[in-house]
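This report refers to the structure that appears directly beneath it.
The values are calculated or read from the model by the stated rules, or taken from the named source; none is laboratory data. Please read all numbers here as calculations on a predicted model, not as lab measurements. So basically every Cβ, Gly included, is an ideal-geometry build from the backbone, and we count neighbours across all protein chains shown.
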2 protein chains.
Amino acid sequence: MSDPIRARSPSPVRKVAAAVKDSKAPAITRAAAILRLLGRSDRPLGVQAIAKELGLVPSTCLYVLRALAEEELVSFDPDTKRYALEAGVLTLARHWLRRDPFNDLAQPLLDRLAQRFGLTMLGVQAVGLDHMIVVAMAQSGSGFQLSTQVGSRFPALISATGRCIAAFGDYPETVLKARFDQLRWDDPPAFDDWMAQLRQTRAQGFAVDEGQYIAGVTVVSAPVWKGAGRPVHALVAIGIGAALGRELGALQDALVEAAGALSGQLGGGA
Amino acid sequence: MSDPIRARSPSPVRKVAAAVKDSKAPAITRAAAILRLLGRSDRPLGVQAIAKELGLVPSTCLYVLRALAEEELVSFDPDTKRYALEAGVLTLARHWLRRDPFNDLAQPLLDRLAQRFGLTMLGVQAVGLDHMIVVAMAQSGSGFQLSTQVGSRFPALISATGRCIAAFGDYPETVLKARFDQLRWDDPPAFDDWMAQLRQTRAQGFAVDEGQYIAGVTVVSAPVWKGAGRPVHALVAIGIGAALGRELGALQDALVEAAGALSGQLGGGA
DNA sequence: GAACGATGTTCTATATATTGAACACTCTGC
DNA sequence: GCAGAGTGTTCAATATATAGAACATCGTTC
């Protein structure tokens, strides 16, 4: 019987093994790998399955699992001897959300824009140049919608938001190029074109992606500053390109205005 | 200058130290303590502050933090050398939510009930007899509301939901007594009265708390079964007691019906 | 502007977490 | 009903993560 986890993730074994070696606190690297594995899996896993998948020693794996269970980050079913993610991770996430004023302040803005334009709005946070994470979402609730979930991850430089991150991040071109080459688009722009779009993004204060990341889908993104330096957040609008049509201009204006207001509240600003 | 963290949590040092000693993977215990500390704190913390607060050795603390930062569970600001929770915890939480069908299935029911009765509805999961966690929430959006957040924790046996957990959990009375004695109520019931209420809860299939946990607030809770054994989930309605009035009967019926339907979908049932 | 205090970081000996084999235990198939 | 494979778990030797002191670096104060 084929294992869906192994099928999906090419080789976590190598990665984990390498990371464990370098770290001065390898138990934590192992623990994180286990948490992620349990997150990917749609059913609870046993010690051996986890150890095999991650290339860990079963006994070590057991100790780590017990420690995680003690911390209520992992649940343990004594009958089946299977482990799964536990609700403790949710508590951590709640604290994280509460800690960052962006999340609270962005939500009402997203709600209003989603309602007004009848599309899906996201609040996004960049994590370096690796990826960005959806931290807030609002949907209009009527008609067909494109849907994501809070907590979803995307490559940092993809789509309209990626252009914002690149445009206002002041990164060396060589660094951008390296990341850019790893991106997957439905309709990939050439690097030179993309660099030109970055200049335009800087000039107009927002970025647009018309069907390049996902065919038929238009994404508009405006950066939000929390302080000086590069922006880490962005407000994002996602809609079916055809349905947007005439409203695109108004949406852009509204988005930039909202992002500007938010930057002001957060003490950021150009 | 007084430290808000120390003021709030009596002595994490002892707890962490004890837990670290027993564990076969102490790094994980430390890591979890750090994550929770960073969660509690409303500003980023430095190595020394964290180490002092938790009674850890600074160098060890540093290694743990670096490992956590590597896993993107903790963010590090190279300028200020401060650490804080990172968005990775949110990704874990998303996986946890997705993994449990209760969360997806409960939401529409909660939305409908919140709308119909104009109050706050919760989906709750019990974690043993220690505490329960809010995993889903719906609010009617009109008028004054009692508010909690997804991820919030409560003692397992408190209020109406606590009665459900105790009533259907089949725990020895001595165990219940020990936990019961630690609870804080606005208007604490006597243990014997409480035991009688458990019998009633078993008989009628739901529990009510009228101002005992929080003065003036009525809580109704109905258990949800995912399989055989004790229920781990519950649907909860929270409203201002006075405002509920006549509707209480209808609310109880609707809640029990929703919880029953949900149990059916989840493959549980009495 | 020098001395101080506090903070973050590196370094090395040692207590100990990890390993891998041995031990129970359950389930399966014959 | 018994062998066998698989699982979870314990146990003792050793590789290594950790503790504590030394070092580096910053911001403050006199």
Quiz item: Do we have any residue at all in segment B:34-47 that's within 15 Å of DNA strand D (Cβ to nearest atom), assigned to a loop (DSSP other than H, G, I, E, B) and modelled with pLDDT of 90 or more?
Solution: yes
Quiz item: Going by the conditions given, is B:Thr80 in a loop (DSSP other than H, G, I, E, B) and within 30 Å of B:Gly249 (Cα to Cα)?
Solution: no
Practice problem: Please identify the pairs in which a residue from segment A:48-73 that is of a type in the set (Phe, Trp, Tyr) has its Cβ atom under 9 Å from the Cβ atom of a residue that is more than 8 Å from DNA strand D (Cβ to nearest atom) and in a helix (DSSP H, G or I), counting only partners at least 6 apart or on another chain. | Solution: A:Tyr63/B:Ile28
Exercise. Within segment B:72-92, count every residue that is more than 21 Å from the chain's Cα centre (by Cα), at the interface with chain A (Cβ under 8 Å from one of its Cβ atoms) and more than 16 Å from B:Arg36 (Cα to Cα).
Key: 0
Quiz item: In this structure, does A:Leu109 turn out to be assigned to a helix (DSSP H, G or I), touching a residue at least 40 places away in the same chain (Cβ under 8 Å) and more than 11 Å from every other protein chain (Cβ to nearest Cβ)?
Solution: yes
Quiz prompt | Within segment A:67-81, considering residues that are crowded, with 18+ Cβ neighbours inside 10 Å and within 13 Å of DNA strand C (Cβ to nearest atom), the one farthest from B:Arg99 (Cα to Cα) | solution = A:Ala67
Exercise. Please specify each residue of segment B:53-65 satisfying the condition of being over 10 Å from B:Ala27 (Cα atoms), near DNA strand C (Cβ under 8 Å from one of its atoms) and over 27 Å from the mean Cα position of the chain (by Cα).
Key: B:Pro58, B:Ser59, B:Leu62
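Condition check ((1) at pLDDT 90 or above; (2) over 20 Å from the mean Cα position of the chain (by Cα); (3) more than 13 Å from chain B (Cβ to nearest Cβ)) across all residues:
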position	(1), (2), (3)
A:Arg98	no, no, no
A:Leu113	yes, yes, yes
A:Gly118	no, yes, yes
A:Ile133	yes, no, no
